[in-house]
Amino acid sequence: MIRSTATMTRLLLETLPSALTRLGIDAVIADSVEPAGALAARHLRLPFITAVTGLPLLREEMVPPPFLGWAYRPDAVGINRNKGGYAVSDLLMRPITGTVSTYARRWGLDPDPKYQWSERLQIAQCPASLDFPRAALPASFRYGSPWRLGELAETLPVEDGRPLIFCSLGSLQGARRALFAAMTSACAAVGARAVVAHGGGLSDSEAASLPGDPLVRAFLPQTQILHQCSAAILHGGFNTVLDALAAGIPIVAVPLAFEQPATAARLVRIGAACTVSPADARRGGLEPALRRLLTIPTYRRVARQFAADIAAGGGVTEAAALVNAALGDQEDLMPTRRRSADEETACAA
């Protein structure tokens, strides 16, 4: 994954400058996990905003690396542990950071990763209360609430009154039939019915073979469906986690990769979830975890409080207003500050 990501970053750094110039782009909103957007904007002297769609990636000594499921531990032991984690992470990420450094030097820019972050605005859809405590956030950083478009309402066909449990592994990891089978079996064991959204990862025969009489679809309007459910079993993908919290339902997290273990650690810390490893899930560990969610009211109470906080947030409307304010009335938005295509070609040469 790191190697393929480095290849994508290299492709973007090769093509973005000329594309942005040709299209007459005045400003850039760059995702925090892809450094090419910010670097290309700096190269062209375009103002840019950092969009933090997942967990904030800003490094602090008391916050574990964002791809590890470590608990928050601000003492000396935790800080030393985090330093070791960041050292290993830096080694693993060298294919990406090396690519960025090469192009930064080619363009006469400082390759320091801190310049990947906008000094104008870093806008996150992560609520502040979900993240670990932070002590050194930059002045331009803003927590927020989920950025969503409305979805068409859909009512599930519930015939027997069993509670519904939403089960998803996202759109990239939905081909794990054995894990889905563990989910649907656990739901049936606690007297609930699984609602499975597999993202097109299962064949028709695999979907039909899942035990426990689940409702199975490739895709569902999850912001609508989650409100009809009593709990969710999720891999910890950030968007689905936010949608479940917005619906006020607790989560059994089964983190698989990427930032999912770190998201699960934050959910456990706030009391909205319990975590089961994929191996334990396949060995029957989901049933007791799901029973805890359904019988201990604290989980649902915390999730409902999060739902209230998210509902009170400004969501995508507030985020757009902050972006407009950060970019508005700025001299460096004038097209005359951009290089022409000829200048860009000469610079690249």
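Considering only residues that are assigned to a loop (DSSP other than H, G, I, E, B), touching a residue at least 24 places away in the same chain (Cβ under 8 Å) and within 18 Å of R42 (Cβ to Cβ), which ones fall in segment 118-131? Result: S118, R120, L121.
Which residues, taken from segment 68-96, are in contact (Cβ under 8 Å) with a residue 40 or more places away in the chain and under 19 Å from E259 (Cα atoms)?
In the first step, residues of segment 68-96 are kept if they are in contact (Cβ under 8 Å) with a residue 40 or more places away in the chain; the result is 68-72, 74, 92-93, 95-96.
Result: L68, G69, W70, A71, Y72, L92, M93, P95, I96.
Yes or no, residue by residue, for (1) touching a Cys at 6+ places or on another chain (Cβ under 6 Å); (2) open to solvent by less than 50 Å² (accessible area, probe 1.4 Å); (3) in contact (Cβ under 8 Å) with a residue 12 or more places away in the chain; (4) on the phi < 0 side of the Ramachandran plot:
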{"site": "W147", "(1), (2), (3), (4)": "no, no, yes, yes"}
{"site": "G161", "(1), (2), (3), (4)": "no, no, no, no"}
{"site": "S168", "(1), (2), (3), (4)": "no, yes, yes, yes"}
{"site": "A178", "(1), (2), (3), (4)": "no, no, yes, yes"}
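Could we say that A135 is in contact with a helix residue (DSSP H, G or I) (Cβ under 6 Å, 6 or more places away or on another chain), in contact (Cβ under 8 Å) with a residue 12 or more places away in the chain and open to solvent by 50 Å² or more (accessible area, probe 1.4 Å) here? It is false that A135 is in contact with a helix residue (DSSP H, G or I) (Cβ under 6 Å, 6 or more places away or on another chain), in contact (Cβ under 8 Å) with a residue 12 or more places away in the chain and open to solvent by 50 Å² or more (accessible area, probe 1.4 Å).
Filtered by the rule that a residue be open to solvent by 30 Å² or more (accessible area, probe 1.4 Å) and either among the hydrophobic types (A, V, I, L, M, F, W, C) or part of a helix (DSSP H, G or I) (or both), segment 104-117 gives R105, R106, W107, L109, P113, K114, Y115, Q116, W117. Annotation: of all residues in segment 189-202 being under 20 Å from the mean Cα position of the chain (by Cα) and either buried (at least 20 other Cβ atoms within 10 Å of the Cβ) or polar (S, T, N, Q) (or both), the one that is nearest to E154 (Cα to Cα) is A197. Residues that are of a type in the set (D, E, K, R) and either more than 19 Å from G248 (Cβ to Cβ) or within 22 Å of the chain's Cα centre (by Cα) (or both) within segment 273-299 comprise D280, R282, R283, E287, R291, listed in sequence order. Checking S89, S101 one by one, the residue that is farther than 25 Å from G237 by Cα, more than 18 Å from the chain's Cα centre (by Cα) and assigned to a helix (DSSP H, G or I) is S101 and no other.
Among the residues of segment 203-213, none qualifies, meaning not one is outside any helix (DSSP H, G or I), open to solvent by 10 Å² or more (accessible area, probe 1.4 Å) and under 30 Å from I310 (Cα atoms).
Considering every residue within segment 239-249, establish whether at least one is more than 18 Å from the chain's Cα centre (by Cα) and touching a residue at least 24 places away in the same chain (Cβ under 8 Å). Don't jump to the end; show me each part of the working.
Taking segment 239-249 as the starting set, the residues that turn out to be more than 18 Å from the chain's Cα centre (by Cα) are 248-249.
Going one step further and asking which of them are touching a residue at least 24 places away in the same chain (Cβ under 8 Å), we end up with 248-249.
Yes, segment 239-249 contains at least one residue that is more than 18 Å from the chain's Cα centre (by Cα) and touching a residue at least 24 places away in the same chain (Cβ under 8 Å).
Residue-level check: of (1) open to solvent by 20 Å² or more (accessible area, probe 1.4 Å); (2) closer than 29 Å to W107 by Cα, L39 misses just (1). Against the test of being surrounded by 15 or more Cβ atoms within 10 Å (Cβ to Cβ) and part of a loop (DSSP other than H, G, I, E, B), the options G69, G78 yield a single qualifying residue, G69.
Taken over segment 266-292, the criterion of being open to solvent by 10 Å² or more (accessible area, probe 1.4 Å) and charged (D, E, K, R) is satisfied by R269, D280, R282, R283, E287, R291, R292.
Condition first: in contact (Cβ under 8 Å) with a residue 24 or more places away in the chain and β-branched (V, I, T). Now tell me which residues in segment 26-67 satisfy that.
Taking segment 26-67 as the starting set, the residues that turn out to be in contact (Cβ under 8 Å) with a residue 24 or more places away in the chain are 26-27, 29-30, 32-40, 42-60, 62-67.
The answer is I29, V33, I49, T50, V52, T53, V63.
One line per residue, one yes/no per condition, for (1) within 15 Å of the chain's Cα centre (by Cα); (2) part of a strand (DSSP E or B); (3) at pLDDT 95 or above:
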| residue | (1), (2), (3) |
| --- | --- |
| P133 | no, no, yes |
| E151 | no, no, no |
| F166 | no, yes, yes |
| A182 | no, no, yes |
| C187 | no, no, yes |
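Of all the residues in segment 250-285, those that are in contact with a strand residue (DSSP E or B) (Cβ under 6 Å, 6 or more places away or on another chain) and either assigned to a helix (DSSP H, G or I) or free of Cβ contacts under 8 Å to residues at least 24 places away in the same chain (or both) number 4. Residue by residue through segment 44-64, note down the ones that are touching a helix residue (DSSP H, G or I) at 6+ places or on another chain (Cβ under 6 Å), over 30 Å from D26 (Cβ atoms) and crowded, with 19+ Cβ neighbours inside 10 Å. The one that is touching a helix residue (DSSP H, G or I) at 6+ places or on another chain (Cβ under 6 Å), over 30 Å from D26 (Cβ atoms) and crowded, with 19+ Cβ neighbours inside 10 Å: P64.
The values are calculated or read from the model by the stated rules, or taken from the named source; none is laboratory data. What you are looking at is a predicted structure, and each value in this text was computed from that prediction instead of being measured. Ideal geometry is used to build each Cβ from the backbone, glycine not excepted, and the neighbour counts take in all protein chains shown. Ligands, DNA and RNA are excluded from the accessible area calculation, which covers all protein heavy atoms including side chains. Shrake-Rupley method; radii C 1.70, N 1.55, O 1.52, S 1.80 Å.
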